[in-house]
Amino acid sequence: MLNKFRLRKKQNTSSTLRDKIEQVKKAAVPEHVAIIMDGNGRWAKKRALPRIAGHHEGMKVVRKTTKLANELGIKTLTLYAFSTENWKRPKNEVEYIMKLPDEFLGTFLPELIKENVQVKMMGYKDQLPIHTLRAIEKAIEETKNNNGLVLNFALNYGSRSEILDAVKQVLNDCNKGIIKETELDEKAFSSYLMTANFTDPDLLIRTSGEMRLSNFMLWQLAYSEFWFSDVLWPDFSEDHLLEAIEAFQKRQRRYGGI
Ligand code: V07
C-alpha cells in the first residue's frame with residue numbers, strides 16, 4: 001500500500017517536471033545563462049556538516065543543472081565555481097575545492113561527451129594546482145568538437161582583473177599599431193575579455209539570497225536580467241531553474257508589449 005502510493009507520487013512529480021520543460025521550451029529560452037552558485041557553506045552549516053560537504057553536494061547540482069540547460073536548448077551556461085578572492089578561505093577548504101573539477105570530470109566526462117556538451121573555462125590558469133588544470137584541459141580537449149551546450153566554468157575568475165588586463169592589452173596593441181584609438185568601441189573592447197567568443201549573458205542567477213555581483217562579469221552583465229533566489233545552491237533543483245527561466249520569459253513578453 002505504502003509502496004504503491006510512493007510509486008504513484010514519484011510518477012506524478014516527474015510528469016509535471018516534463019510538462020514544465022515542454023512549456024518553457026515553447027517560448028524564447030535565454031541563450032546564455034550565468035549562475036553564481038552561492039550558499040554551499042551555509043547549506044552544510046545548517047546540517048552541522050563541514051563546509052566541504054556543501055561544496056560536494058553543490059557539485060552534484062552542477063551536473064543536474066547542466067543536463068537541464070542542455071535539454072532546454074540553452075547555448076551557454078557559465079558557472080562561477082571559484083573567484084580570485086576565494087583563495088582567502090582556509091587552506092584545507094581551498095585544497096578540497098580544487099579537487100572537485102577532477103572528481104566531477106572523472107565521474108561525468110563520459111556523460112558530457114555523450115550529451116554533446118562542450119567544456120570551457122575562463123579565469124587565471126597560472127595559479128591553479130596542476131592536477132586541476134590537467135583535468136580541465138583534458139575535458140576541454142575531449143569535448144572541443146561537441147556542438148551542444150557550452151559549459152563554461154569561471155574558475156579563479158575576477159572581473160576587475162579581467163577588465164584591467166584587457167585595458168593593458170589594448171594599450172599594448174595601440175603602441176604596436178594593431179588597433180587605433182578611434183577603432184576601439186564596445187565590440188572591439190569585448191574581444192579583449194575572457195568572454196571574447198561568447199555572447200553576453202541574457203540571464204544571471206544568484207542563489208542563497210545575496211544580492212551582489214561579487215566581481216562577476218561586470219562588463220558582460222550590463223544588460224542582463226537578474227534572478228535572485230533564496231534557495232541555497234545544493235538545494236537548487238530543476239524546478240528552481242525552470243522558475244527562473246519562466247520569470248525571464250514573462251519579462252521578455254512584457255517588454256515586447258510596449
Ligand atoms: C566546484 C561545486 C559547485 C558549487 C560551487 C563551489 C564548489 C564543479 C566544478 C568543475 C569545474 C571545472 C570543470 C568541471 C567541474 C567545480 C570548483 C568548485 C572549483 F571542468 N563544481 N565545482 N569547480 N564546486
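The values are calculated or read from the model by the stated rules, or taken from the named source; none is laboratory data. The model shown is predicted, which means the values in this text are computed figures rather than measured ones. As a convention, Cβ positions derive from the backbone with ideal geometry for all residues, glycine included, and neighbour counts pool all protein chains shown. To get the accessible areas, we keep the full protein, side chains included, count just its heavy atoms, and leave off ligands, DNA and RNA. Shrake-Rupley method; radii C 1.70, N 1.55, O 1.52, S 1.80 Å.
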Beyond 20 Å, what share of the Cα-Cα pairs of the stretch 116-177 is found? Please give it as a whole percent. 44 percent
Give me a comma-separated list of calculated 3J(HN,Hα) values for the stretch 190-195, in order, Karplus coefficients 6.51, -1.76, 1.60 applied at θ = phi - 60°, integers in Hz, x for any Gly or Pro. 3, 6, 8, 8, 5, 9
Just the Cα atoms of the stretch 26-84: what Rg and Dmax do they give in Å? 13.7, 42
Filter the GluC sites (Glu not before Pro) in the stretch 154-253 down to the DSSP loop ones having no more than 14 other Cβ atoms within 10 Å, then list what survives. E210
Built amide H within the under 5 Å cut-off of N152, gap 5+: L77, T78, L79, K120
With all protein chains modelled, accessible area of D235 [1.4 Å, Å²]: 60 Å²
Just from its helices, what would the mean residue ellipticity at 222 nm be for the chain, if runs of 4 or more DSSP H residues each count -39500 (n - 2.57) and the sum is divided by every residue, rounded to the nearest 500 deg cm²/dmol? -16500 deg cm²/dmol
Which residues qualify? For L203, with a placed amide H closer than 5 Å and at least 5 residues away or on another chain, they are H32, A34, E225
Based on the Kirkwood radius over alpha-carbon pairs, what value in µm²/s does the Stokes-Einstein equation return for the translational diffusion coefficient of the stretch 180-258 at 4 °C and 1.567 mPa s? 88 µm²/s
If you plug each phi of the stretch 147-154 into the Karplus form 6.51 cos²θ - 1.76 cosθ + 1.60 with θ = phi - 60°, what whole-Hz ³J(HN,Hα) values come out, in order, with x for Gly and Pro? 10, x, 3, 8, 9, 9, 8, 8
On the protein heavy atoms, probe 1.4 angstrom, tell me the percent of accessible surface of the stretch 49-204 carried by carbon and sulfur. 52 percent
Taking placed amide H atoms and a strict 5 Å upper bound, the residues 5 or more places from M37 or on another chain that come that close are Y80
Ratio of Rg to Rh for the chain, alpha carbon only, Kirkwood? 1.00
Just to confirm the filter: which chymotrypsin sites (Phe, Trp or Tyr not before Pro) across the stretch 157-258 are DSSP coil and have at most 10 other Cβ within 10 angstrom of their Cβ? Y223
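In the stretch 80-189, which trypsin sites (Lys or Arg not before Pro) are in a loop and have at most 13 other Cβ atoms within 10 Å, using DSSP for the loop call?
Numbers: sites: K88, K91, K99, K114, K120, K125, R134, K138, K144, R160, K168, K176, K180, K187; in loops: K99, K125, K144, K176, K180.
Passing both the DSSP loop test and the Cβ count: K125, K144, K176, K180.
Accessible area per residue, 1.4 Å probe, Å², for the chain: what's the number? The partial results should precede the final answer.
On the way: 14650 Å² over 258 residues.
Averaged over the residues of the chain, the accessible area is 57 Å².
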